[in-house]
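The values are calculated or read from the model by the stated rules, or taken from the named source; none is laboratory data. Here the structure is a predicted model, which is why all the values come from computation and not from measurement. Note that we place each Cβ from the backbone using ideal geometry, even for glycine, and neighbour counts take in every protein chain shown.
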Amino acid sequence: MTGIARAQRSTTAPGPGRRSLRPSVREALWGFVFIGPWLIGLVLLTAGPMVASLVLSLTNFDLLHPESIRFVGLDNYIRLATDPTVTESFLATFKFALISIPVTMLASLGFALLLNSPRLYFKGPLRTLVYLPIMIPLVASTLVWLGFFNTETGWMNTILKAIGLPQPDWINSEVWIYPTLTIMGLWAIGNFMLINIAGLQGVPTELYEAARIDGAGAWTTLRRITIPLISPVLLYNLVICLIGTFQYFTQAFTMTNGNGDPNNATLFVNLLLYREGFVFNHMGFASAIAWLLFVVVLVLTLALFGFSRRRVYYAGGER
């Protein structure tokens, strides 16, 4: 036995000049090994292109004439402040955001409350039905919605005509185009709904029981218990919805073929960026637009976090 123990010690003990790593260091190294592919992808596919676009925004780079590239400094950013099309595109994006974000947040919360109700039967299949549309490619679903909102043959106006209501021009009207896009967006609120359901299921049931004993109604329970306790989830959905709205592109491009009709009402920032970079080949100016969009979204996101600092409840933390 003594010989075996000595042999085991000789095999496990570090030899001369060798230093054994502490367990925490070994775990950290293994962690870097496992996240290495993601870090490589981050550098090559995200950070690298961001740095390249920042450099290009300081040049007059043209896709058709790359050999004539030259440094122009802040000229592209000065043009941003004076180009009326840029201002128009940001205004269109803000108008759409003011309609789309509140409706999306309310609809996703409403579906979550409904499909999380203990009195509802077949909750699993119903949740699947609400989530499934998000799996349909955006271009295909947009084409379906174009047919649905068609002024002459669309189902929407056919239904409105049957019940004696006016039939608006959903797609070609500056007034109705934002409600149209908002309704189309409700087709894909499955992700927000599932996140809200996860938040609702984390609310302690004993709080609802205590509220019922105290005589609180459904509205009071929702306002005083449900909303405060799922406020971190609502903030997350709000931030994601804000970022997604300012990145809006596919639906508007499919509807107008990149023209921004009607009367540039759908010329959102991402659509303008695409047009400047890949239609007019002004890649330097398009890069400047991209960085302005990044700064605007960053400022709005930070403002949301600052505004919600004392309005979002984190269990175990400060309000």
Which residues, taken from the stretch 182-201, are outside any helix (DSSP H, G or I) and at pLDDT 90 or above? I189
Across (1) free of Cβ contacts under 8 Å to residues at least 40 places away in the same chain; (2) within 20 Å of the chain's Cα centre (by Cα), I99 clears everything bar (1)
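Residue-wise test of (1) of a type in the set (G, A, S); (2) more than 28 Å from A286 (Cα to Cα); (3) modelled with pLDDT of 90 or more.
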site: T11; (1), (2), (3): no, yes, no
site: G15; (1), (2), (3): yes, yes, no
site: S24; (1), (2), (3): yes, yes, no
site: E27; (1), (2), (3): no, yes, no
site: F32; (1), (2), (3): no, yes, no
site: L54; (1), (2), (3): no, no, yes
site: T59; (1), (2), (3): no, no, yes
site: L63; (1), (2), (3): no, no, no
site: F71; (1), (2), (3): no, no, yes
With the requirement that a residue be part of a helix (DSSP H, G or I), touching a residue at least 40 places away in the same chain (Cβ under 8 Å) and not polar (S, T, N, Q), what does the stretch 241-253 give you? C241, L242, I243, F246, A252
Got a sec? Which of P118, P168, P137, P179 is modelled with pLDDT of 90 or more and farther than 30 Å from L292 by Cβ? P168
Single residue of L292, L267 found to be out of contact with any strand residue (DSSP E or B) (no Cβ under 8 Å at 6 or more places or on another chain), within 22 Å of I78 (Cα to Cα) and modelled with pLDDT of 95 or more: L292
Residue within the stretch 282-295 that is under 19 Å from the mean Cα position of the chain (by Cα), without any contact (Cβ under 8 Å) to a residue 60 or more places away in the chain, in a helix (DSSP H, G or I) and exposed (fewer than 13 other Cβ atoms within 10 Å of the Cβ) present: yes
Starting from residues that are part of a helix (DSSP H, G or I) and in contact (Cβ under 8 Å) with a residue 12 or more places away in the chain, keep the ones in the stretch 203-219 and report whichever is surrounded by the most Cβ atoms within 10 Å (Cβ to Cβ). A211
In the stretch 87-112, how many residues are more than 19 Å from A290 (Cβ to Cβ) and among the aromatic types (F, W, Y)? 1
Taking the conditions exactly as written (under 30 Å from Y274 (Cβ atoms) and either surrounded by 16 or more Cβ atoms within 10 Å (Cβ to Cβ) or among the hydrophobic types (A, V, I, L, M, F, W, C) (or both)), does N237 satisfy them or not? yes
All positions within the stretch 161-181 that are part of a helix (DSSP H, G or I) and farther than 24 Å from L106 by Cα: K161, A162
